[in-house]
């Protein structure tokens, strides 16, 4: 502090001297107007020396060692006076700023130190590995729905053997950062500039990372988390649907949704334009009572009838062959595990055909049939909720974001797999996510009725038996109330 004061006093003295010197030069210049014929530096110096003898100069500037006579002052010196004064003032300002900072450090409260530490931490975070910065976000509010850190660590463990070599060959960020980037991007509707700045990556790099991540999820995790449930799980699903809607032996809700895509360049006939007027691919899914997808068919153009999508899928083939719910296992006595199994069905809307394994609502129903249709609608609402949760967890699906027919099916399959994992881990949905998804969601087309309308007597008999079961359940729920009255 004492050294800073000494330097400051010295600088002030120098600046005062320079100012006085400048004033002296100006006074001499005004007196020299009577004799303007100073053509060379020698005459100018002699004139200024003679003038200096008559005028006493400030000793701080003109005194020299071993001589009491003042040093001649040249007019050229005045050209640099402003620059000298400016430099001296800047140095003085820097020293004063340094002094104020030192005083602030001595008298600062803890809150000031907190602000300084926050600014320093922000600078350090920009230089450190970006994965630590992202993990702080994962622990607080992760938009992609993977708020559980154990679920995130599970993804790292399962996907590392399949993503490490490929990403390193392309010069991408480390593996953990690529997984975090992909999850964060899938949890956003639009490109997030903060994501690009935080990880120092470009938009093209993020797109390549999302493609790589989704391919790995589909290859590694989808066969394990998207499959037909086993017998015990099927029994739980049918029991839950019975309790929820009163519909017995229902193993799932057959439903669909349109996912937007970037319009293909060769889509001249509008094949991918759905009835609502935007380009999409159809996602056919079977949803259990736990809101998990156990069958998916993705990629048909948006203008395709949902019944045609069903008839072209492997689900239709297994259902028609009667092998959809069959597990080729044997009991201890050697009998087939499928022997004596109760017939299970899927609930579907009016856009699907009525089959032995698919139950659809009655067309033009009477009052009793209307109650049966309501039970089917209650089951189908589970599928609608599952799609809403999927879009809320991964808002990337609400817009195409440059993803075309070649990429969007893989992204939807990966997000559906992650959705099943979240449901299995018990990771819930925030109400704010649902509200944001509803604001960005596009209107979904209505399927109408199946144009083929194939008649199947066996399917009619099965639907009649289910209708009787639903009606009996309704009567049982009403009769005890009347008897109590």
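The values are calculated or read from the model by the stated rules, or taken from the named source; none is laboratory data. Everything numeric here is computed off the predicted structure, so don't read it as measured data. Every residue, glycine among them, receives a Cβ derived from its backbone with ideal geometry; neighbour counts consider all protein chains shown.
Residue check: is residue 337 loosely packed, with under 13 Cβ neighbours inside 10 Å and modelled with pLDDT under 90? Taking the combined requirement at face value, the residue does not satisfy it. Scanning region 239-261 for residues that are closer than 19 Å to residue 467 by Cα, buried (at least 22 other Cβ atoms within 10 Å of the Cβ) and in contact with a strand residue (DSSP E or B) (Cβ under 8 Å, 6 or more places away or on another chain) yields a count of 7. Looking only at residues in region 256-273 that are in contact (Cβ under 8 Å) with a residue 60 or more places away in the chain and assigned to a strand (DSSP E or B), the one that is nearest to residue 352 (Cα to Cα) is 256. Beta carbons closer than 9 Å, at least 6 apart along the sequence or on distinct chains, pair a first residue in region 423-436 that is closer than 21 Å to residue 189 by Cβ and assigned by TED's automatic domain parsing to the domain that holds residue 291 with a second that is outside any loop (DSSP other than H, G, I, E, B) and modelled with pLDDT under 85 for 427/151. Within region 363-409, can you find the residues that are at positive phi and surrounded by fewer than 20 Cβ atoms within 10 Å (Cβ to Cβ)? Once the filter is applied, which keeps residues that are at positive phi and surrounded by fewer than 20 Cβ atoms within 10 Å (Cβ to Cβ), region 363-409 yields 364, 402. The set of residues in region 185-197 that are part of a helix (DSSP H, G or I) and modelled with pLDDT of 70 or more comprises 185, 186, 193, 196, 197. Residues that are surrounded by fewer than 21 Cβ atoms within 10 Å (Cβ to Cβ) and assigned to a strand (DSSP E or B) within region 279-294 comprise just one, 294. Of all residues in region 390-411, which are part of a helix (DSSP H, G or I) and under 15 Å from the mean Cα position of the chain (by Cα)? If the condition is that a residue be part of a helix (DSSP H, G or I) and under 15 Å from the mean Cα position of the chain (by Cα), then 390, 391, 392, 393, 395, 396, 397, 398, 411 are the ones that fit. Considering only residues in region 451-470 that are in contact with a helix residue (DSSP H, G or I) (Cβ under 7 Å, 6 or more places away or on another chain) and modelled with pLDDT of 75 or more, the one that is surrounded by the fewest Cβ atoms within 10 Å (Cβ to Cβ) turns out to be 467. Exactly one residue out of 232, 276 is outside the structural domain of residue 152 (by TED's automatic domain parsing), in a loop (DSSP other than H, G, I, E, B) and more than 25 Å from the chain's Cα centre (by Cα), and it is 276.
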